[in-house]
Amino acid sequence: MNSQSLAAEFATRTSGFWSSMTREALADWVVRADAEPQPFGALPSAVPRLPGLIRAINDADAKSLREVALGIAGIVIRTTVPAAAESAGQHWLLTPYANGAERWFRLTVGMCWAAEVSYFDDGRITTAFRMAESPISRALTDGTLRKEDLDKFGIAKRTTDLRTFAEDAIVYHCPDIDGLLWFLDQPAVGEAIRLMNARLVASGQFAWHRSYDPDLAEEAWAAAEALSLPDPLDRPIEAKYQGRHTPGAFPEWQAVNAEAHEAARDEHDRLLVQLMTKLNEVGIKPFQPTSPRADLAWRTPDGRLHVVEARSILGPTEADRLRLGLGQVLDYRHRLDTSGRPQAYLLVSTLDDRQWHAICAEVDVRLLVATEQQTWNLL
C-alpha cells in the first residue's frame, strides 16, 4: 500500500480528526518507515510529571512495574496514534484495569481497543496490539519479517472480534519485554499498527469523551519519555538518566527546614525538565553519568561530552548557591575529562548579579538561566 492509495481511502471518510491532520499527511505518516515518537513537548501539561517518573522508573530500589507498563503504553501512543497530543480525549484514551494478579492499561482508539499493556505481580509485562494484517502478510511474503522470529520470541497471532475493517484486522500478543522491543522495531509492524489506528481515527467515531482521564494520559506521555532516555553504548562512565542525585549533605538552612528542602528539590527538577525538553527539541537525548553522578549530560554530534549542574537559587544568598554550583561542575568536568575536555554548564532559574556570566566564562563554563532560554547554547 502506498500513500496515494491510502489517502484515497481516507478521502471517503468524514471525521473531526481532519482538523488535526490532512488526509494526505495521515497517509504519509502511516507508510513512513522511520516514524518518530511525537515530541515530548507536544503535550506541555505532561512536563511537570517527568521528574517523579524518572525516579520511579530508574531507581533500582523503588522501580515500579506500573510506571514501566505505563511508559510502554505511552511509547505506543506517541509512536502509533496519529497526532496523539492534539487528538487526546477526542479520538483516543487510556484506561486502567485490574483483575487479581493482573493489571493492565488499555488504549482505545476510535471505537475499539487498539493495545493493551498488562503487568503482573510476578514481574511480567505482556502486550497485545490490534493492527492491520496486510503489512504483516506482505512482509512475511517478501521475507522482511520471518515467522521463525515471531515464534522465537513467542509472539502469537490471535483472532479479533473487530467488525469494522474485519477483512484486514488481526491481534498479536507479545509475552515479554524482549519480544515487544523486537516486535516494535520491525518496520512492517509499525506500519500495521499505525494503519489500524489511522483507520480508526478516520472513521470519526469516539463514544468515550467523558471517560478520558487527562492525568493518566499525561502520566503515560511523560513515562514514555522517562523510559526512553537511553543507555549510551560503549561508554562505561555513562548510564540512563536517573533523576536528581541527593547529596549527602545540604546547606544547614535546608537540613533543618523540610519545606525549604522540598522547594529546592522541586525547583531543581523543574530546571532539568526544562533543559531536557530543550535538548529533545534539537534531537539530543540526555543521560546521567555514573561516576561522578552529575545532574545531566549529553553528547553533541561531534562526540563531545557536555555536563551540567543545576542549582536552585532558593537559599541564603544567590552568590552562595552559584559558588557551590560552579565548584561542583568544575569538579565534574575534571573527573570526566578522559577523552577531550567536556563542555560544562551551570543551570539556574533566575539571576540578579549579572557578573556571574563573566565569572563563569573565565573558567569556560556556560551559565544557563531558565528565564533566558533564547540565549542558551547547548551545542
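Readers should treat all values here as calculations from the given coordinates under stated rules, not as data from a laboratory. What you are looking at is a predicted structure, and each value in this text was computed from that prediction instead of being measured. Glycine also receives a Cβ, built like all others from the backbone with ideal geometry; neighbour counts cover every protein chain displayed.
Taking a cut-off of 19 Å between Cα atoms, list the aspartates and glutamates near Lys157, but don't count ones fewer than 8 places away on the same chain.
The reachable aspartates and glutamates, counting only those whose Cα sits under 19 Å from Lys157, are Glu116, Glu133, Asp142, Glu148, Asp149, Glu167, Asp168, Asp176, Asp178, Asp185, Glu191.
Pull up all non-local amide H partners of Gln38: gap of 5 or more, or a different chain, and H-to-H distance under 5 Å with H placed in the peptide plane.
Residues meeting the amide H criterion: Thr79.
Just the number, please: percent antiparallel of the DSSP beta bridges in segment 3-223, rounded to the nearest 5.
95 percent
For segment 3-223, what are the per-bin percents of Cα-Cα distances with bins 10 Å wide, up to the bin holding the maximum?
Here the calculated profile for segment 3-223 is 8, 34, 38, 18, 2, 0.
State the extension gain, in nm to one decimal, for the chain segment bounded by Trp29 and Gln374, taking 0.36 nm per residue of separation less the distance between their alpha-carbons.
121.1 nm
Tell me, what is the Rg over Rh of the chain, with Rh the Kirkwood radius over Cα pairs? The partial results should precede the final answer.
Working: Rg = 23.2 Å, Rh = 22.7 Å.
Ratio of gyration radius to Kirkwood radius: 1.02.
Find, among the chymotrypsin sites (Phe, Trp or Tyr not before Pro) in segment 201-231, those assigned to loop by DSSP (not H, G, I, E, B) with at most 16 other beta-carbon atoms within 10 angstrom.
Trp208
For the chain, with a Gaussian network of springs between Cα atoms less than 10 Å apart, report the residue from Glu225, Glu116, Glu362 with the top mean-square fluctuation.
The residue with the greatest mean-square fluctuation here is Glu362.
Between Thr144 and Gln355, what is the label-to-label distance in nm when each label sits 7 Å out along the Cα-to-Cβ direction?
Reported label-point gap for Thr144 and Gln355 is 6.3 nm.
How much length is gained on full extension from Ala101 to Leu181, taking 0.36 nm per residue of separation minus their Cα-Cα distance?
Details: separation 80, 0.36 × 80 = 28.80 nm, distance 2.37 nm.
Gain on extension, Ala101 to Leu181, equals 26.4 nm.
Please compute the volume of the convex hull spanned by the alpha-carbon atoms of segment 137-188 and report it per residue in Å³.
In segment 137-188, the Cα hull volume divided by residue count equals 85 Å³.
Along the Cα→Cβ direction, 7 angstrom out, place labels at Thr338 and Lys152. What is the inter-label distance in nm?
3.2 nm
Between Rg and the Kirkwood Rh of segment 100-235, both from Cα atoms, what is the Rg to Rh ratio?
When Rh is taken as the Kirkwood radius, the ratio is 0.98.
Once the dipole of the chain is set up with Lys and Arg at +1 and Asp and Glu at -1 on Cβ about the Cα centre, which of Leu336, Gln374, Pro44 lies farthest towards its positive end?
Projecting each Cα onto the dipole axis, the largest value belongs to Pro44.
For Ala310, which sequence-distant residues (separation of 5 or more, or a different chain) have an amide H within less than 5 Å of its own amide H, given hydrogens modelled in the peptide plane?
Residues meeting the amide H criterion: Asp295, Leu347.
Hey, if you put +1 on the Cβ of every Lys and Arg and -1 on every Asp and Glu Cβ in segment 9-110, which of Phe17, Trp104, Ile57 ends up farthest toward the positive end of that dipole?
Trp104
FRET efficiency for Ile284 and Trp18, Cβ-Cβ distance as r, R0 = 41 Å, nearest 0.05?
0.75
In segment 261-305, whose amide N lies under 20 Å from the spot 7 Å out along Cα-to-Cβ of Asp320? List them in ranges.
261-269
Could you tell me the ratio Rg/Rh of segment 294-379? Both radii from Cα atoms, Rh via Kirkwood.
Ratio of gyration radius to Kirkwood radius: 0.95.
Along the charge dipole of the chain, which of Gly204, Ile177, Thr141 sits closest to the positive end, that is, farthest toward it, with unit charges on the beta carbon of Lys, Arg, Asp and Glu (+1, +1, -1, -1)?
It is Thr141.
Take each complete run of DSSP H in the chain, measure how far its Cα atoms stretch along the helix's own axis, and keep only those covering 15 Å or more with mean Kyte-Doolittle hydropathy at least -0.5; list them.
65-80, 187-202, 214-228
Using the Cβ atoms and a cut-off under 13 Å, what net charge is assigned to the surroundings of Glu218, where Lys and Arg are +1 and Asp and Glu are -1?
Around Glu218, the surrounding residues sum to -2.
How large is the charge dipole for the chain, taken about the Cα centre, if only the Cβ atoms of Lys, Arg (+1) and Asp, Glu (-1) carry charge, to the nearest 20 debye?
It works out to roughly 480 debye.
Could you work out how far the C-alpha centroid of segment 150-192 sits from that of segment 333-379, in angstrom?
What the calculation gives is 47 Å, centre to centre.
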